[in-house]
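The values are calculated or read from the model by the stated rules, or taken from the named source; none is laboratory data. These figures come from a predicted structure and were not determined experimentally. As a convention, Cβ positions derive from the backbone with ideal geometry for all residues, glycine included, and neighbour counts pool all protein chains shown. Heavy atoms of the whole protein, side chains included, go into the accessibility calculation; ligands, DNA and RNA do not. Shrake-Rupley method; radii C 1.70, N 1.55, O 1.52, S 1.80 Å.
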Amino acid sequence: MLSAPKTRFRKQHRVRMTEIFYRGNHICFGKYALQALEPAWITSRQIEAGRRAMSRNARRCGKVWVRIFPDKSITVKPTETRMGSGKGSPEYWVAVIKPSRILYEMGEITENIARKSISIATSKMPIQTKFIISQ
């Protein structure tokens, strides 16, 4: 799984995800991409599952770029503990996704294979996404 190797602070605030993402909403590396339409937290397990699904469906031909990285730690307190006594320990890592963010890119592959493999990766995501092609 992906996780940030070293961070300055172990625990982070939970913030609202209301605004639209303006940076990183265009295709840079490949020709086909998967774009987010809703705000969400995507865990490192979901990112890895989408990447594996794309590369396996394409039979390892072509290239896959992952444009997101889980750099936010999510803390969870143990069940059946009393109120207070501080914040819980870091449990897993997420990437903060805002609308119009590019999640994955594919290149050096035909359109029908890319469309099929990206649709399989879409089923691994907890949000609505769309398939886009660069001009």
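Looking at this model, which pairs from Lys77/Lys130; Lys11/Lys63; Lys72/Lys116; Lys11/Lys31; Lys6/Lys98; Lys6/Lys87 are more than 27 angstrom apart at the alpha-carbon?
The pairs that break the limit, which is 27 Å between Cα atoms, are Lys77/Lys130; Lys11/Lys63; Lys72/Lys116; Lys11/Lys31.
Relative to the longest principal axis of the Cα atoms of the chain, the long axis of helix 111-122 lies at roughly 20 degrees. Can you give the angle from 0 to 90° between the axis of helix 44-57 and the longest principal axis of the chain, with both taken from C-alpha atoms, to the nearest 10? Long axis of 44-57 versus the principal axis of the chain: about 20 degrees. Compared with the alpha-carbon gap, the fully stretched path from Arg45 to Ser123 is longer by 26.7 nm at 0.36 nm per residue. With a 1.4 Å probe rolled over the protein heavy atoms of all chains, the accessible area of Leu37, Leu2 falls in the order Leu37, Leu2, largest first.
Each listed q (0.11, 0.13, 0.14, 0.16 Å⁻¹) maps to a log10 I(q)/I(0) for the chain, found by the Debye formula over equal Cα scatterers with no solvent: -0.44, -0.59, -0.67, -0.82. When the P(r) is computed for the range 7-80, the part past 21 Å accounts for 44% of the Cα-Cα pairs. Note on Tyr92: accessible area approximately 90 square angstrom, rounded to 10, probe 1.4 Å, nucleic acids and ligands left out. Multiplying the residue separation of Phe29 and Arg56 by 0.36 nm and removing their Cα-Cα distance gives an extension gain of 7.7 nm. Simple spin-label estimate for Trp65 and Thr18 gives 3.3 nm between the two label positions (7 Å along the Cα-to-Cβ direction from each Cα).
Neighbours of Val94 by Cβ distance under 14 Å: Lys/Arg scored +1, Asp/Glu scored -1, total +3. If the chain linking Lys6 and Lys77 were pulled fully straight, counting 0.36 nm for each residue of separation and taking away their Cα-Cα distance, it would gain 23.4 nm. When nucleic acids and ligands are ignored and a 1.4 Å probe is applied, Phe9 ends up with an accessible area of around 130 Å². Residues within the reach of a label modelled at Glu108 (point 7 angstrom out along Cα to beta-carbon, backbone nitrogen below 16 Å), restricted to the range 48-81, are 55-56, 58-66.
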